[in-house]
Amino acid sequence: MDAFIQALAVYAIPVIFAITLHEAAHGYVARHFGDPTAYLAGRISLNPLRHVDPVGTLLVPGMILALSKLLGGSGILFGWAKPVPVNFGRLRNPKRDMLWVAAAGPGANLLMAIGWTALLRATANMELSSFSAFLKGNAGAGIEINAVLMLLNLLPIPPLDGGRIAVSLLPHRLAWGFSRLEPYGFPILLLLLVSGMLGRILEPLLIVFFRFLNSLFFF
């Protein structure tokens with residue numbers, strides 16, 4: 001129990017901000033390209049309370065973290081926030097602008113992962129203390145959760161961001177056919193998760209991404 005509470009304290013801030021800023025980025029870019037829906041709903045905000053989903057932001061990551069500590073494993077920690085409302089029909093060029101709106105969320109996770117890596121690098125020069133150890137744990141958790149969320153959301157499965165990016169890039173006829181997979185996207189994702197395929201897909205991508213972060217800060 002003590003190990004779970006310690007892990008929860010370390011992961012809480014990185015998880016909440018990774019998930020909520022991902023959603024806020026979608027709304028901000030949608031407004032930039034002509035859709036004010038998220039702005040009018042008050043969802044372009046750095047306040048996590050405007051984005052927190054009790055199940056996806058708190059319960060699911062907490063359960064994954066608890067099970068990983070209980071079973072001694074290292075499950076993929078992920079979650080979700082309340083989706084930001086986007087009316088693609090109000091974008092100035094819906095098919096083209098959809099790409100940028102969809103890419104904004106993973107882009108925010110990329111920037112946060114880089115920021116957390118910079119903090120991890122800075123802790124190497126700090127005097128060893130409970131505070132520096134906590135910061136180091138925060139940074140490691142921030143890198144992990146943002147990397148997973150970025151790569152998971154970039155999978156080309158509608159309605160994940162990668163699926164919407166694919167719809168934006170495909171020719172109209174193929175895009176229309178591909179977008180019709182959207183109602184089956186989450187069942188497909190769930191099947192990949194329970195079968196263990198999701199971990200096998202993400203693991204090599206995570207290794208490459210972690211190497212990229214290491215190269216940026218000369219670890």
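The values are calculated or read from the model by the stated rules, or taken from the named source; none is laboratory data. Small disclaimer: the values here were computed from a predicted structure and weren't measured. All Cβ positions, even for glycine, are placed from backbone atoms using ideal geometry, and neighbour counts span all protein chains on display.
Report every pair of residues separated by at least 6 positions or lying on different chains whose Cβ atoms are under 7 Å apart, first residue within segment 25-38 and over 8 Å from Val86 (Cα atoms), second of a type in the set (D, E, K, R) and not in a helix (DSSP H, G or I).
Phe33/Arg92; Gly34/Arg92
Can you tell me which residues in segment 121-150 are surrounded by 20 or more Cβ atoms within 10 Å (Cβ to Cβ) and not β-branched (Val, Ile, Thr)?
Asn138, Ala139, Ala141, Gly142, Glu144, Asn146, Ala147, Leu149, Met150
What pairs can you find where one residue is in segment 47-69 and under 10 Å from Trp80 (Cα atoms), the other is among the acidic types (Asp, Glu), and their Cβ atoms are less than 8 Å apart, with a gap of 6+ or different chains?
Matching pairs, first to second residue: His51/Glu23.
Out of Arg121, Arg90, Arg96, report the one residue that is of a type in the set (Lys, Arg) and farther than 30 Å from Leu40 by Cβ.
On the way: Arg90 fails: farther than 30 Å from Leu40 by Cβ; Arg96 fails: farther than 30 Å from Leu40 by Cβ.
Result: Arg121 is the single residue among Arg121, Arg90, Arg96 that is of a type in the set (Lys, Arg) and farther than 30 Å from Leu40 by Cβ.
For Val208, indicate whether it is within 19 Å of the chain's Cα centre (by Cα), within 21 Å of Ala18 (Cβ to Cβ) and surrounded by fewer than 12 Cβ atoms within 10 Å (Cβ to Cβ).
The answer is yes for Val208.
Count, please, the residues in segment 73-99 that happen to be more than 16 Å from the chain's Cα centre (by Cα) and not aliphatic (A, V, I, L, M).
Selection size over segment 73-99: 13.
Looking at Leu58, Leu21, Leu65 in this structure, which one is of a type in the set (A, V, I, L, M, F, W, C), part of a helix (DSSP H, G or I), under 17 Å from Leu149 (Cβ atoms) and modelled with pLDDT under 75?
Result: Leu65 is the single residue among Leu58, Leu21, Leu65 that is of a type in the set (A, V, I, L, M, F, W, C), part of a helix (DSSP H, G or I), under 17 Å from Leu149 (Cβ atoms) and modelled with pLDDT under 75.
Here is a list: Ile143, Ile114, Ile76. Which entry is assigned to a helix (DSSP H, G or I), β-branched (Val, Ile, Thr) and closer than 29 Å to Val194 by Cβ?
Unique residue meeting the criteria: Ile143.
Any residue that is free of Cβ contacts under 8 Å to residues at least 24 places away in the same chain, surrounded by fewer than 17 Cβ atoms within 10 Å (Cβ to Cβ) and more than 20 Å from Pro83 (Cβ to Cβ) - is there at least one of those in segment 180-193?
yes
Check Ala81 against each of (1) assigned to a helix (DSSP H, G or I); (2) under 16 Å from Ile13 (Cα atoms); (3) in contact with a Gly (Cβ under 8 Å, 6 or more places away or on another chain) and name the one condition it does not meet.
All conditions pass for Ala81, except number (1).
Can you pull out the residues in segment 175-212 that are within 25 Å of Val29 (Cα to Cα) and in contact with a helix residue (DSSP H, G or I) (Cβ under 9 Å, 6 or more places away or on another chain)?
Scanning segment 175-212 gives Ala175, Trp176, Phe178, Ser179, Leu181, Glu182, Gly185, Phe209.
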